[in-house]
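A.B. asks: Before I ask anything, let me first share the structure, which is written out below as structure tokens.
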Amino acid sequence: MGQWLLDVLFGDPFAVMNTIGLIAFALVGSSKAIREEFDLLGITIVGLAMAFGGGATRDLLVTRVPLALQSSIEISLGLLGVGLAITLSVVFTSPETHPITLVADAIGLAAFTTTGAIVATEAGVSVFGVVTIATINAVGGGALADILLDRPPFILFKDFYASCAVLGGSAYWIVGTVGATGSTAAVVCAVVTVVTRLAAVTYNWDLPAVQNLRLLRN
């Protein structure tokens, strides 16, 4: 506990981003479950699944025990996010669409893109590996939460979401390649991801579907 607190307070990039991401994504996942009228156990399960799904997959890809199984702090942070979601549901009528939740989602996406890029870089994988693991870390939990909510993962058919993680992971690798410190690369990665995601929400960006291309041809 003491070491974790020191890392967060004094700016270890992974600890800071991981803390932010866990709380933010647990809040977002729980808000989705609240909208579907899940009970408290269901809300908690979906919230924790969104918070830990991507990170657990990341850790398995680099052959290490998922952090969620190594420290009770990780679960505590996830439960904090669940509690915040429940609080918002009491205060606001539609917490899942409230600006607080939308911004939390963008921040969580940026934080987990960055932690994925950090872990992948430390594992010594290729540029493709860095971008892929960063993206999986960022969107894997959301995809798992959607499956638990009995709907197709929305990253597969709508919205400019996973693309933000791809851009952020690419930015991390580029900045690191030119010789910047890990902290600088982490900040750039997070900024690129969160800015593009908030822009996508503001301006309703979407990647084109095949049906859109057919309409253009006609």
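A.B. asks: Just how large is the dipole of the stretch 12-121 about the Cα centre, in debye to the nearest 20, putting +1 at every Lys and Arg Cβ and -1 at every Asp and Glu Cβ?
C.D. replies: 180
A.B. asks: Per residue, how much accessible area does the chain have with a 1.4 Å probe, in Å²? Walk me through the numbers before you get to the answer.
C.D. replies: Details: 10880 Å² over 218 residues.
Each residue of the chain exposes 50 Å² on average to a 1.4 Å probe.
A.B. asks: Another one. What size of dipole, in debye to the nearest 20, comes out for the chain about its Cα centre when the only charges are +1 on Lys and Arg C-beta atoms and -1 on Asp and Glu C-beta atoms? Could you put the intermediate results ahead of the total?
C.D. replies: Values: 9 positive and 14 negative charges, 112 e Å.
With only Lys, Arg, Asp and Glu charged at Cβ, the dipole is about 540 debye.
A.B. asks: Please report, as a whole percent, how much of the solvent-accessible surface of the chain comes from carbon and sulfur atoms (probe radius 1.4 Å). Write down the numbers at each step before the final one.
C.D. replies: Details: 7470 of 10880 Å².
The computed percentage sits at 69.
A.B. asks: How large is the Rg to Rh ratio of the stretch 1-111 when both quantities use alpha carbon positions and Rh follows Kirkwood?
C.D. replies: Working: Rg = 13.9 Å, Rh = 14.1 Å.
With Rg and the Kirkwood Rh in hand, the quotient comes to 0.99.
A.B. asks: Local charge sum around residue 202 (other residues, Cβ-Cβ under 15 Å, Lys/Arg +1, Asp/Glu -1)? Don't skip to the end; give the middle numbers.
C.D. replies: Working: positive: 197; negative: 105, 159, 206.
Result for the neighbourhood of residue 202: -2.
A.B. asks: Got the relative contact order for the stretch 1-141 handy, in percent, Cα pairs under 8 Å and 6 or more residues apart? Each step should come with its number before you reach the end.
C.D. replies: Values: 212 pairs, mean separation 46.4, N = 141.
This gives 33 percent for the stretch 1-141.
A.B. asks: Suppose only helical runs count, i.e. DSSP H with n ≥ 4. What mean residue ellipticity at 222 nm does that imply for the chain under -39500 (n - 2.57) per run, divided by all residues and rounded to the nearest 500 deg cm²/dmol?
C.D. replies: Working: 9 runs with 165 residues, N = 218.
Result for the chain, helices only: -25500 deg cm²/dmol.
A.B. asks: With a length cut of 24 Å (Cα positions projected on each helix's long axis) and a Kyte-Doolittle mean of at least 1.0, go through the chain and give me the DSSP H helices that pass.
C.D. replies: Values: long enough: 13-35 (33 Å, 1.20); 40-61 (31 Å, 1.40); 72-91 (29 Å, 1.96); 99-122 (35 Å, 1.26); 127-148 (32 Å, 1.72); 182-203 (31 Å, 1.59).
Span-like helices in the chain: 13-35, 40-61, 72-91, 99-122, 127-148, 182-203.
A.B. asks: Sticking with this structure for a sec: Does the chain classify as rounded, prolate or oblate by the C-alpha gyration tensor (a ≥ b ≥ c root eigenvalues; a/c under 1.5 gives rounded; else a/b over b/c gives prolate, otherwise oblate)? If you can, show how the numbers build up before the last one.
C.D. replies: Values: a/c = 1.66, a/b = 1.04, b/c = 1.59.
Oblate.
A.B. asks: Peptides 99-108, 136-145, 63-72, 196-205: what's the order by average Cβ count within 10 Å, highest mean first?
C.D. replies: Working: 99-108: 20.2, 136-145: 26.2, 63-72: 12.6, 196-205: 15.9.
Output ranking for 99-108, 136-145, 63-72, 196-205: 136-145, 99-108, 196-205, 63-72.
A.B. asks: Ok, one more. Quick one: grab the alpha carbon gyration tensor of the stretch 58-148, order the square roots of its eigenvalues as a ≥ b ≥ c, and give me rounded if a/c is under 1.5, else prolate or oblate depending on whether a/b is larger than b/c. Kindly include the intermediate steps, with their values, before the conclusion.
C.D. replies: Working: a/c = 2.67, a/b = 1.80, b/c = 1.48.
Cα axes put the stretch 58-148 in the prolate bin.
The values are calculated or read from the model by the stated rules, or taken from the named source; none is laboratory data. Treat the numbers as computed from the prediction; the structure is a model and nothing was measured. Neighbour counts are summed over all protein chains in view; Cβ atoms, including those assigned to glycine, are modelled from backbone coordinates with ideal geometry. Side chains included, ligands, DNA and RNA excluded: accessible areas come from the protein's heavy atoms. Shrake-Rupley method; radii C 1.70, N 1.55, O 1.52, S 1.80 Å.
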